[in-house]
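Peer 1: The following block contains the structure, expressed as structure tokens.
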Amino acid sequence: MVKATTQSIEVIVECKYLANQSSPKENLYFFVYFITIINNSQYTVQLLKRHWDITDSNGDKRTVDGDGVVGETPVLEPGETFQYNSGCNFLTEIGYMKGYYTMKRLMDGVEFKIDIPKFDLVVPAKLN
């Protein structure tokens, strides 16, 4: 598990390798990640956009930008939590992701970015 806090909004990431959806013989490795966003600020905020930088162990990079997460643009009151999960595939056994969310403070419309901490995606056998 990794976490980061930006402007009193905490992002926690956990991930795991899905062997049953992977095919090492074809160099296809699938991972799922679980995100928890906790609004520890005094403001109601809305998640508007996501930005991901995805890198595999060959150094190949992908960038993903989009509105919301998993089809939602959640609003979080102070103290509220939002959780979701998604997945990522790699052609290598090791990779990592990092990024940011664009948030909006609803009281005044100010937009700001919060960090998604870098997290490693590693096939468990590679940890030995």
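The values are calculated or read from the model by the stated rules, or taken from the named source; none is laboratory data. Small disclaimer: the values here were computed from a predicted structure and weren't measured. Don't worry about glycine lacking a Cβ; one is built from the backbone with ideal geometry, like all the others, and counts go over all protein chains shown. Surface accessibility is based on the protein's heavy atoms, side chains included, excluding ligands, DNA and RNA. Shrake-Rupley method; radii C 1.70, N 1.55, O 1.52, S 1.80 Å.
Peer 1: Given the chain, what count of lysine pairs have C-alpha atoms under 20 Å apart, with each pair 8 or more places apart or on different chains?
Peer 2: Value for the chain: 21.
Peer 1: For the chain, what is the accessible area per residue in Å², given a 1.4 Å probe and the full set of protein chains?
Peer 2: On a per-residue basis, 56 Å².
Peer 1: With labels modelled as points extended 7 Å from the Cα through the Cβ direction, what inter-label distance (nm, one decimal) is found for F30 paired with N85?
Peer 2: 1.3
Peer 1: In the chain, how does Rg compare with the Kirkwood Rh, expressed as the Rg/Rh ratio over alpha carbon atoms?
Peer 2: Looking at the chain, the ratio lands at 1.02.
Peer 1: Which Cα, out of F30, P124, G71, lies furthest along the positive dipole direction of segment 16-128 (beta carbon charges, K/R +1, D/E -1)?
Peer 2: It is P124.
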